[in-house]
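Read through the structure below, which is laid out as structure tokens, and then see the notes.
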Amino acid sequence: MIRSGAAALLVYISSFAYADPVSCDKNPDACVLRVIAETATFIDECGKAYPKNKAEFDAAFRDWSVLKLQIPHLDDAMQDKSELRRSMAELIDPYLKRIPSYERDIECSGRLELVRNPTPTLAGDSASLPANILSRYQLRP
């Protein structure tokens, strides 16, 4: 199931359809948290869809370079029971269940590649992020 490569990463970025992604002009920190929660939820749901690869998903996510940045309220947003994570799960779980297995493979492989990137990289469908959005955050001490 798990493929690697830039092609999978590029394909997944536009695959999770939101009717109206959130604009980040007024509150960029909230948008960053939203896309991080989106990624965390995808990793969880992909681990459920591919139980043989769950440990791989979990380990890659734990080491995700984005989580090493000083992002305000990151710990709160990452809680499994947070409102943000619950709302993402309500969208992502049915989405992954309704798409064909080959599309699920692409989606999950792309999310895995994103979190494996050693350079802090953030991409998602739930918010329109400026290209340099992560430059505002420093590494945690």
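Quick grid of which residues meet (1) surrounded by fewer than 15 Cβ atoms within 10 Å (Cβ to Cβ); (2) under 20 Å from residue 120 (Cα atoms); (3) in contact (Cβ under 8 Å) with a residue 40 or more places away in the chain:
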| site | (1), (2), (3) |
| --- | --- |
| 41 | no, yes, yes |
| 46 | no, no, yes |
| 50 | no, no, yes |
| 66 | no, yes, yes |
| 73 | yes, yes, yes |
| 82 | no, no, yes |
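Take residue 125 and tell me if it is more than 15 Å from the chain's Cα centre (by Cα) and closer than 19 Å to residue 29 by Cα. Working first, answer last.
Numbers: more than 15 Å from the chain's Cα centre (by Cα): no; closer than 19 Å to residue 29 by Cα: yes.
So residue 125 does not fit the description; no.
Is it the case that residue 55 is part of a helix (DSSP H, G or I) and surrounded by fewer than 18 Cβ atoms within 10 Å (Cβ to Cβ)? In short, yes.
Suppose the filter is loosely packed, with under 13 Cβ neighbours inside 10 Å and touching a strand residue (DSSP E or B) at 6+ places or on another chain (Cβ under 7 Å); does residue 139 pass it?
Working: loosely packed, with under 13 Cβ neighbours inside 10 Å: yes; touching a strand residue (DSSP E or B) at 6+ places or on another chain (Cβ under 7 Å): yes.
It is true that residue 139 is loosely packed, with under 13 Cβ neighbours inside 10 Å and touching a strand residue (DSSP E or B) at 6+ places or on another chain (Cβ under 7 Å).
What do you reckon, is residue 86 surrounded by 12 or more Cβ atoms within 10 Å (Cβ to Cβ), over 22 Å from residue 119 (Cα atoms), basic (Lys, Arg) and under 15 Å from the mean Cα position of the chain (by Cα)? So residue 86 fits the description; yes. Test each condition in (1) more than 13 Å from residue 34 (Cα to Cα); (2) over 14 Å from the mean Cα position of the chain (by Cα); (3) at pLDDT below 95 for residue 50 and report the one that comes out false. In the conditions (1) more than 13 Å from residue 34 (Cα to Cα); (2) over 14 Å from the mean Cα position of the chain (by Cα); (3) at pLDDT below 95, residue 50 misses (3) alone.
Of the candidates 114, 134, 84, 74, the single residue that is touching a strand residue (DSSP E or B) at 6+ places or on another chain (Cβ under 9 Å) and either at positive phi or of a type outside the set (Lys, Arg) (or both) is 134. On the stretch given as the range 98-141, residues that are hydrophobic (A, V, I, L, M, F, W, C) and outside any helix (DSSP H, G or I) total 7.
The values are calculated or read from the model by the stated rules, or taken from the named source; none is laboratory data. From a predicted model like this one, the values you see are computed outputs, not experimental measurements. Reconstructed Cβ throughout: ideal geometry from the backbone, glycine too, with neighbour counts over all protein chains shown.
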